[in-house]
Amino acid sequence: MDKMSRKWLSNFALAATIRWLLMNSGYQKIISNRVEVSTALNSWKRVTEGIYLYNFGIDPYEGDLFHETPIGLYVFGFMQKHLSQWALFLLFIVTDLTTAVCLTITAKHYAIELATRRKEEKMEKDEEKKLGEGVSTVSALYVSAAYLFNPYIILNCVGLTTTVFTNLLYSIALVSMTRRSILWSCASIALLTLQELYPVSLMVPAAIYVAGAASDKTKKISIITMLVAFVSILAVLFAVSYCIMGSWSFLWSTVGFILTVPDLRPNIGLYWYFFTEMFEHFKWLFIASFQINVSLLYIVPLALRLRRDPMLLAFSYLAITAIFKSYPCIGDVGFYISLLPLWKHLFQHMQQGFIVGCFMLFCTVFAPTVWYQWIYSRSANANFYFGVTLAFAIAQIFLLTDILFASLKYEFAVQHGNNKKVNGNEAKLLLE
């Protein structure tokens, strides 16, 4: 076994051990009850209660308790029936490790794609050499390590949230995109859309990948084929859901729940506090504004600008969804942050890394502290906790804009050289 293989094995073994020890400690229940980890959409406690109601012949979608899809209800019910607690813990860990493997494959494909694309642009020799050094550092090892040892991902797995399985579907979608697989891309994105609605935007980078692999004559046919496959698979999934429940009652508790945001319990998002303070008369106007912001507003502009880099486009959509979705959790944030090593060659052009890192660290520490002061000691109020979640969202926005601006600076450096001197003096390229 060579040195690199030992590194891979040790990373996965250590990550699994950390998760297993935390799951079997007294901290597991504390973590699973944290509002930053579990939400109305991904809480395993709600899944358990929904399965209990379903087994007794009660529609779990009648109340405001269960919001998983009927397919999820069937799969999780099978898991609970046939798996012991230890086996369930092991399943969550294996799923998380499988996600890391998929992200590793994605990183390898993207590194090859990036190097190939830049060589086709006929760069100068010195720039091509620098690019080769940059791409070589975008190691799959970094991406897998960023996922395996990400504190947000670890807490998400230990808390037994269904976001663990959602992240696996996201990673399968990313791998399928890089491999230009129409079937797997459509199937994974359709499952994500059925569950969370917002991931339908990933069809744009997937279509760009498929169109890029086709000839000029077959591009339109490939895109149409992909759209038809996606709609067909999604229709089949809805039909299967209807067959499981025998009615369409699940639609209001899944898609409707995400769009209308009736549950205003605190989380790391922006909706809960805003609509708690909102006059009922203006509620639907602002709900529509918020949902357009997260689902439609950025799709076309980003697609036009990042059409040559669909992986960065997919990253942007994932980040926007994690920031502005109605019920976010730290598992969503940890997933897209784990993809950052894919763009290690852009780090030299980023300016807000230290500020963003400090903001996210402070918010991660202050969130449970302020929550304790608000709920238990009553020395604070909801404004304090919302201030932390607002700062956390701002930090993520700074991170996303910084990486997008860095990509523009990098393209400029590739096309015009990396000369940082103006009139013989050192200069810095700024985008304002």
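The values are calculated or read from the model by the stated rules, or taken from the named source; none is laboratory data. Remember, it's a predicted structure, so these values are computed and weren't measured experimentally. With ideal geometry, Cβ positions are generated from the backbone for all residues, glycine too; neighbour counts draw on all protein chains shown. Surface accessibility is based on the protein's heavy atoms, side chains included, excluding ligands, DNA and RNA. Shrake-Rupley method; radii C 1.70, N 1.55, O 1.52, S 1.80 Å.
When only alpha carbons are used to place a centre, segment 330-383 and segment 35-91 end up 29 Å from one another. Computed with every protein chain present, the accessible area of Lys3 is close to 140 Å² [probe 1.4 Å]. For Lys108 and Gln351, the FRET efficiency from 1/(1 + (r/R0)^6), where r spans their Cβ atoms and R0 equals 30 Å, is about 0.55.
Taking every alpha-carbon pair under 8 Å whose residues sit at least 6 apart, the chain reaches a relative contact order of 19 percent. What is the angle, in °, between the Cα long axis of helix 219-245 and the longest principal axis of the Cα atoms in the chain? Nearest 10 is fine, range 0 to 90. Compared with the principal axis, the helix lies near 20 degrees.
Remark: accessible surface ordering of Lys108, Lys325 (largest first) is Lys108, Lys325, probe radius 1.4 Å. Relative to the longest principal axis of the Cα atoms of the chain, helix 283-295 runs at roughly 40 degrees. Placing +1 on the Cβ of every Lys and Arg and -1 on the Cβ of every Asp and Glu, with no other charges, gives the chain a dipole of roughly 1020 debye about its Cα centre. Checking every one of the chymotrypsin sites (Phe, Trp or Tyr not before Pro) in segment 345-414 against DSSP loop status and a limit of 11 other Cβ atoms within 10 Å picks out Tyr376.
Here segment 180-330 is treated with +1 on each Lys and Arg Cβ and -1 on each Asp and Glu Cβ, and its dipole about the Cα centre works out to around 580 debye.
Only one residue of Val240, Phe405, Ala382 has its Cα farthest out toward the positive end of the dipole of the chain, where Lys and Arg carry +1 and Asp and Glu -1 on Cβ, and that residue is Phe405.
Just one of [x] 30, 26, 21; [y] 36, 26, 24; [z] 38, 30, 21 is semi-axes √(5λ) of the Cα gyration tensor in Å calculated from these coordinates, so which is it? Correct label is [y]. Solvent-accessible area per residue in segment 1-111 equals 53 Å², computed with a 1.4 angstrom probe and all protein chains kept. Computed about its Cα centre, the charge dipole of segment 249-313 is approximately 320 debye, with only Lys, Arg, Asp and Glu carrying charge at their Cβ.
Computed from backbone phi with θ = phi - 60° and the Karplus coefficients 6.51, -1.76 and 1.60, the 3J(HN,Hα) list for segment 320-326 is 4, 5, 5, 7, 10, 5, 6 Hz; x is used for glycine and proline. In segment 52-113, what percent of the accessible surface is made up of carbon and sulfur (1.4 Å probe, ligands and nucleic acids excluded)? C and S atoms contribute 68 percent here.
Averaged over its residues, segment 332-378 has an accessible area of 53 Å² per residue, based on protein heavy atoms and a 1.4 Å probe. Which one, Pro199, Ala322, Ile182, is farthest towards the positive end of the dipole of the chain when Lys and Arg carry +1 and Asp and Glu -1 on their Cβ? So the residue we want is Ile182.
On C-alpha positions alone, give me the angle between the axis of helix 203-213 and the longest principal axis of the chain, in degrees, nearest 10. It works out to around 40 degrees.
Taking the protein heavy atoms of segment 327-393 in the context of the full set of protein chains, the accessible area attributed to carbon and sulfur is 68 percent at 1.4 Å.
Rounded, prolate or oblate: which fits segment 132-212, taking a ≥ b ≥ c as square roots of the Cα gyration tensor eigenvalues, rounded meaning a/c under 1.5, else prolate when a/b beats b/c? Taking the square roots of the gyration eigenvalues as a ≥ b ≥ c, segment 132-212 is oblate.
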